[in-house]
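Reviewing the structure listed below.
Just so it is clear, none of the values below were taken in a lab; they were calculated from the coordinates. Nothing here was measured: the structure is a model prediction, and the numbers come from that model. Methodologically, a virtual Cβ is constructed for each residue, glycine included, from the backbone with ideal geometry; neighbour enumeration extends over all protein chains shown.
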Amino acid sequence: MITLASSSNWIAGALLAFTIFFYVVIYTMALKRWTAQNIVIGGAAGALPPVVAWAAATGSVSVEPLLLFLIIFFWTRRISGRWRCSVVTTMPAPACRCCPSSPVPMRRGGRSCSIRFVLVAVAAAPWPLGYFDAVYGVTSLVLGGGMLALAVSVYRHRQGSAALRATRKLFAFHSSICLALFATC
């Protein structure tokens, strides 16, 4: 933090200090032990690096890095449900329909689809706002459309092996969205 602050500026150093504090104290020490929403809320710590980098490069914070923050945050928000079906230890909850051995549920339905639409809108937003060109815009819309199509497939297959296959396809596709968007940037 001190190195970053002294080599770039105090805003970047302060943002990095806040990111580390948020991750260590709020996410790791508090949220993991007290709420099943820990990964969702804790996603903010993982989404802050573009804001820190922007501040280090420019000495300020503006809309562009906040849009990148939102893309990562909503991507984490959607992917966190699948993490809960893995071996990651978090706050216990009832079993998941698609992964009966998991201690935490993976929800399907309206709220889940709404968050996916928000992710598509946030991911596409830099294009109409003039921050990125049409290549980025078309890429974000194609990826968003693919994700929504796979989400509909998951929603249609409510149980059994078809549900698990659809969920795995969506997870694999969703895992690549952030990488593809940032590579396009």
Inset, instruction - Sort LEU179, LEU150, LEU141 so the one with the fewest other Cβ atoms within 10 Å of its own Cβ comes first. - result: LEU179, LEU141, LEU150
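Multiplying the sequence separation of VAL61 and VAL152 by 0.36 nm and subtracting their Cα-Cα distance, what value in nm do you get? All intermediate terms of the calculation are to be shown ahead of the outcome.
Values: separation 91, 0.36 × 91 = 32.76 nm, distance 3.67 nm.
Extra length from VAL61 to VAL152 when fully extended: 29.1 nm.
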Inset, instruction - Decide, for region 1-52, between rounded, prolate and oblate: order the square roots of the alpha carbon gyration tensor eigenvalues as a ≥ b ≥ c, take rounded if a/c falls under 1.5, and otherwise choose prolate if a/b is larger than b/c, else oblate. - result: prolate
Legend entry - Label-to-label distance, nm, for residues given as THR28 and SER6 (7 Å Cα→Cβ offset): 2.4
Legend entry - For region 134-185 and region 37-56, distance of Cα centres in Å: 22
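Please list 32-38, 118-124 highest first by mean number of surrounding beta-carbon atoms within 10 Å per residue.
Values: 32-38: 14.9, 118-124: 20.1.
Ranking, from highest mean packing down: 118-124, 32-38.
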